[in-house]
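Each remark here refers to the structure printed beneath this line.
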Amino acid sequence: EPSYLKAGTSMAAPVVAGAGALARQFFQEGWYPCGSKGCGEPMNPSGTLIKALLANGAQPLNGVEVGGTSTLISDQPIAPYDNNQNMGAANLLTSLPLPGSNDFSLFVQNDVTIGSGETKTYNFDVDKQKCSSDFSATLSWYDPPASNGCTKC
C-alpha cells in the first residue's frame with residue numbers, strides 16, 4: 001500500500017498526545033529524577049507538569065512546509081513561539097533525562113500553588129564549564145474555566 005505524507009495539526013495532535021502519555025508514564029514508573037526506571041518515587045504528574053515538560057523540550061521547526069509536502073516555503077519567516085510553529089516540535093529526548101541518550105538534569109515541582117501576590121523562589125547553581133546545554137525554565141498553569149453560556153468572554 002502506498003504511503004502518504006501528512007502534515008498539520010491533525011497529525012501533530014496524536015504525536016503530542018502520545019509524547020504526553022510517555023512523559024506521564026516516566027513519572028508514574030519512578031524514572032524521575034535520574035532517568036532510570038524505579039530510581040525515584042512514583043508520582044502522578046499534573047496536566048500542567050506534562051504541558052510544561054513538553055513545551056520546555058520542544059525544538060524549533062526548520063520552516064513552514066507546503067501543505068502535504070516536505071517542501072519549505074522560502075519566503076515564510078519563522079521565529080520561536082510565532083503563529084507558524086508555536087512551541088515547536090515535541091521532542092522527548094530534550095524533555096526527559098535518559099542516561100546514554102542525553103545529558104541534562106531535570107527539576108520539577110508538581111501541583112505547587114502560587115496565590116495572587118505570592119512568590120516562590122528556587123535557586124540553582126549552574127556550572128557553565130560542565131553544561132552541554134542552556135539553562136531553561138518553564139512555568140505552566142491551569143486556566144480558569146469559562147462561564148457557561150458566555151458569548152463574549
Among (1) over 27 Å from Lys128 (Cα atoms); (2) at pLDDT 95 or above; (3) open to solvent by less than 60 Å² (accessible area, probe 1.4 Å); (4) not β-branched (Val, Ile, Thr), the one test that Ala12 misses: (2)
Single unsatisfied condition, Gln59 versus (1) touching a Gly at 6+ places or on another chain (Cβ under 6 Å); (2) open to solvent by less than 50 Å² (accessible area, probe 1.4 Å): (2)
Positions within the stretch 90-122 being among the hydrophobic types (A, V, I, L, M, F, W, C) and free of Cβ contacts under 8 Å to residues at least 60 places away in the same chain, in sequence order: Leu93, Phe104, Val112, Ile114
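Quick grid of which residues meet (1) open to solvent by less than 90 Å² (accessible area, probe 1.4 Å); (2) in contact with a Leu (Cβ under 9 Å, 6 or more places away or on another chain); (3) in a loop (DSSP other than H, G, I, E, B):
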| site | (1), (2), (3) |
| --- | --- |
| Phe107 | no, no, yes |
| Asp111 | no, yes, yes |
| Gly115 | yes, no, yes |
| Thr119 | no, no, yes |
| Lys128 | no, no, yes |
| Ser136 | yes, no, yes |
| Cys150 | yes, no, yes |
Hits in the stretch 15-33 (condition: assigned to a loop (DSSP other than H, G, I, E, B) and either without any contact (Cβ under 8 Å) to a residue 60 or more places away in the chain or open to solvent by 60 Å² or more (accessible area, probe 1.4 Å) (or both)): Glu29, Gly30, Trp31, Pro33
Residue list for the stretch 34-43, restricted to those being without any contact (Cβ under 8 Å) to a residue 40 or more places away in the chain and either buried (at least 17 other Cβ atoms within 10 Å of the Cβ) or not charged (D, E, K, R) (or both): Gly38, Cys39, Gly40, Pro42
One residue from Lys120, Lys51, Lys152, Lys128 being among the basic types (Lys, Arg) and under 25 Å from Met11 (Cβ atoms): Lys51
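The values are calculated or read from the model by the stated rules, or taken from the named source; none is laboratory data. As the structure is a prediction and not an experimental result, all values here were calculated from the model. When we count neighbours, we look across all protein chains shown, and the Cβ atoms used for this are built from the backbone with ideal geometry, even at glycine. These accessible areas exclude ligands, DNA and RNA; they are computed on the full protein's heavy atoms, side chains included. Shrake-Rupley method; radii C 1.70, N 1.55, O 1.52, S 1.80 Å.
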